[in-house]
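Down below is the structure, laid out as structure tokens.
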Amino acid sequence: MEILWAPWRLSYVSRAGEEKETGCFICKALEEHPEKDRENLLLYRGERALVILNRFPYNTAHLMVCPVRHTGNFLSLLPEELAEIDSLIKRSIETLKKAYNPDGFNVGLNLGRASGGSVETHIHYHIVPRWVGDTNFMPVTGGVKVIPQSLDETYETLKRFWE
Ligand SMILES: [Zn+2]
């Protein structure tokens, strides 16, 4: 019973070429009315940092913590931005533990083109909950990956536990 159900990966592939035209999805989510936060998967708006769900998750409840300021330059981050990012990473992990009780987390940054990130990207820390028995990334061949919750459900769950 091998199931590979990852419609967001398909839409990612098909939308890859559009990314430049549509601009930065993080800034776009912030600029839109808070009423659209759910649609935009924006979980929390802070003063200098925010938390947003990854629309193309590596695993269930894959969060991203970002500075509000659009920059891809890690070294330009100000102490107050770093402080708020740190506190939101902590709160994200607390929330994920309460909501999903994962066995572990991968937390980190991809900086620059050679890292798998993009030079022009808006800095985002990945917070990926992990469960014993899950797999690294979504395998194209071999392993099996099931993401049991839709993004809508995940957003609702996290929103509830975030408060
Ligand atoms: Zn941006």
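Which one is modelled with the highest pLDDT, of the residues in the range 116-146 that are under 25 Å from T71 (Cα atoms) and surrounded by fewer than 17 Cβ atoms within 10 Å (Cβ to Cβ)? Break it down stepwise before answering.
Restricting attention to the range 116-146, the residues satisfying the condition of being under 25 Å from T71 (Cα atoms) are 116-128.
Next cut, surrounded by fewer than 17 Cβ atoms within 10 Å (Cβ to Cβ) only: 116-120.
Numbers: G116: 74, G117: 66, S118: 60, V119: 51, E120: 65.
Among residues in the range 116-146 that are under 25 Å from T71 (Cα atoms) and surrounded by fewer than 17 Cβ atoms within 10 Å (Cβ to Cβ), the one modelled with the highest pLDDT is G116.
Is it the case that some residue within the range 41-55 is under 18 Å from K159 (Cβ atoms), at pLDDT below 95 and either part of a loop (DSSP other than H, G, I, E, B) or within 16 Å of the ligand (Cβ to nearest atom) (or both)?
Filtering the range 41-55 for residues under 18 Å from K159 (Cβ atoms) gives 41-46, 49-55.
With at pLDDT below 95 added as a condition, the list becomes 54-55.
Retained after the next criterion (residues that are either part of a loop (DSSP other than H, G, I, E, B) or within 16 Å of the ligand (Cβ to nearest atom) (or both)): 54-55.
For the range 41-55, residues under 18 Å from K159 (Cβ atoms), at pLDDT below 95 and either part of a loop (DSSP other than H, G, I, E, B) or within 16 Å of the ligand (Cβ to nearest atom) (or both): present.
Considering each residue of the range 63-74, count those that are more than 15 Å from the ligand (Cβ to nearest atom) and at pLDDT below 95, and give that number. So that I can check it myself, show each step before the final result.
Of the range 63-74, the ones more than 15 Å from the ligand (Cβ to nearest atom) are 63.
Those still in the list that are at pLDDT below 95 too: none.
The qualifying residues number 0.
Of the residues that make up the range 107-118, is at least one assigned to a loop (DSSP other than H, G, I, E, B), under 25 Å from E47 (Cα atoms) and among the hydrophobic types (A, V, I, L, M, F, W, C)?
Yes: one or more hits.
Return the total of residues in the range 83-110 being closer than 24 Å to G23 by Cα and away from the ligand (no atom under 16 Å from the Cβ).
Keep residues of the range 83-110 that are closer than 24 Å to G23 by Cα, which gives 85, 108-110.
Next, from what is left, pick out any that are away from the ligand (no atom under 16 Å from the Cβ): 108.
Matching residues across the range 83-110 total 1.
Looking at (1) more than 16 Å from the ligand (Cβ to nearest atom); (2) under 20 Å from G23 (Cα atoms); (3) modelled with pLDDT of 95 or more, which one does R113 not meet, given that it meets all the others?
The one condition R113 does not meet is (3).
What's the number of the only condition in (1) touching a residue at least 24 places away in the same chain (Cβ under 8 Å); (2) under 17 Å from the mean Cα position of the chain (by Cα); (3) assigned to a loop (DSSP other than H, G, I, E, B) that R69 fails to meet?
Answer for R69: the failing condition is (1).
The values are calculated or read from the model by the stated rules, or taken from the named source; none is laboratory data. All values derive from a computational prediction rather than experimental measurement. Here the Cβ is made from the backbone with ideal geometry for all residues, glycine too, and neighbour counts use every protein chain on show.
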